[in-house]
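Notes for the one structure printed next.
The values are calculated or read from the model by the stated rules, or taken from the named source; none is laboratory data. Computed from a prediction, not measured in an experiment: that's the story for all the values here. Every residue, glycine among them, receives a Cβ derived from its backbone with ideal geometry; neighbour counts consider all protein chains shown. Heads up: the accessible areas ignore ligands, DNA and RNA and are worked out on the full protein's heavy atoms, side chains in. Shrake-Rupley method; radii C 1.70, N 1.55, O 1.52, S 1.80 Å.
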Amino acid sequence: MAEHTTVTVLGLGAMGQALASAFVKGGHPTTVWNRTAGKDAELVAAGATGAASVAEAIQASQVIVAVLLDHASVHDTLDPVADQLVGRQLINLTSTAPEQARELARWAAGHGIDYLDGGIMAVPHMIGQPGSSILYSGSQEVFDAHRSVFELLGTAEYFGDDAGLASLYDFALLANMYAMFTGFMHAAAMVASAGQSVSDFSNRAAAWITAMAQGIPEYGRMIESGDYTTDVQHLAFQKAALDAIVQASRDAGVALDIVAPIKNLIDRQVADGHGALAFERTFEELR
Ligand code: FVH
């Protein structure tokens, strides 16, 4: 059945082109549309069908994949053609906040459209390659029916019928990633202040972060237990470390945007009497 599933991709930015290309390679009759004309040339040459309008693109397929800029662009594109989506499966892979995904799910339900939301954990060149992962939530029926089509893009994982869950996980992972990457920018600026090679340092930082990340599952276990007692490296110990890191950063002339908020988080917990507890208690301070 999946071999014959017709797929339309709305939006031919970098990601839309990568997704459409994977569907074409996977043997699915694929129709593509983009607001600005002229972005479908390579895909058409590879076997896709270019549609002149959104309505034409939707009529061509059972599965409609939207991969547009943001929440507003999804409504801009789909509101005028909602009636034509009825009875088709809409898969929204545009990055939207969880509440925006839920709003789209309600909008779709109100029009009788089957809706599945997704969060793409990959960059365009990774699509269809090992390491690409896409998180889904919303209609389980849609997910189950088209899972083999989705797996052309990367591993496909379903999080439940709350349409906002996929993007909640997506944005939680991105928040984690951005904090890590900006941490590297801070560290690189410190090293560069002494004329050291940022390039050499980046290899060292990658190895260090990879090794330290092995402790994250243990963080999760402690947080779920709710027991933050520890006999090693409690928050008061961490406070001393953060005070020194802030001092070293200041001495290096590096802006404190990244490390000062971390120091503040730890200082606040120590001031509130939690100094003997583990660093993982920071979870309670944040939520
Ligand atoms: N690229 C990436 O690495 C990330 C990886 C994780 C997931 N994101 C999300 O995927 C969505 C699309 O990203 P993209 O990389 O394809 O983005 P662009 O290359 O900037 O293309 C944007 C497309 O959206 C169209 N568009 C924008 N506004 C409207 C609108 N109001 N009505 C209709 N279409 C619109 C735009 O069309 P045009 O400017 O060419 O006419 C592009 O097709 C995104 O949510 C990422 O966060 C990608």
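Numbers below:
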| read-out | value |
| --- | --- |
| Any chance Asp40 is within 14 Å of the ligand (Cβ to nearest atom) and free of Cβ contacts under 8 Å to residues at least 12 places away in the same chain | no |
| Residue match in region 86-94 (condition: in contact (Cβ under 8 Å) with a residue 40 or more places away in the chain, within 12 Å of the ligand (Cβ to nearest atom) and among the polar types (S, T, N, Q)) | yes |
| Matching entry among Glu284, Glu280 (being over 21 Å from Thr182 (Cα atoms), under 32 Å from the mean Cα position of the chain (by Cα) and not β-branched (Val, Ile, Thr)) | Glu284 |
| Listing of strands (runs of 3 or more DSSP E) fully contained in region 73-168 that carry 2 or more residues being hydroxyl-bearing (Ser, Thr, Tyr) and over 20 Å from Asn34 (Cβ atoms) | 133-138, 155-158 |
| Number of positions in region 167-202 that are more than 16 Å from the ligand (Cβ to nearest atom) and closer than 17 Å to Leu286 by Cβ | 4 |
| Residues that are surrounded by 17 or more Cβ atoms within 10 Å (Cβ to Cβ) and near the ligand (Cβ under 9 Å from one of its atoms), drawn from region 74-85 | Val74, Thr77 |
| Residue count for region 49-69, restricted to those that are open to solvent by 30 Å² or more (accessible area, probe 1.4 Å) and β-branched (Val, Ile, Thr) | 1 |
| Residues of region 3-17 satisfying the condition of being closer than 16 Å to Leu152 by Cα and either more than 8 Å from the ligand (Cβ to nearest atom) or of a type outside the set (Gly, Ala, Ser) (or both) | Glu3, His4, Thr5, Thr6, Val7, Thr8, Val9, Met15, Gln17 |
| Among (1) open to solvent by 40 Å² or more (accessible area, probe 1.4 Å); (2) in a helix (DSSP H, G or I) - the single one Gly16 does not satisfy | (1) |
| Residue satisfying all of: in region 43-72; assigned to a helix (DSSP H, G or I) and under 29 Å from Pro98 (Cβ atoms); nearest to the ligand (Cβ to nearest atom) among these | Ala72 |
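Results for (1) among the β-branched types (Val, Ile, Thr); (2) closer than 21 Å to Ile120 by Cβ, shown as yes or no for each residue.
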| site | (1), (2) |
| --- | --- |
| Asn34 | no, yes |
| Gly47 | no, no |
| Ala72 | no, yes |
| Ile91 | yes, yes |
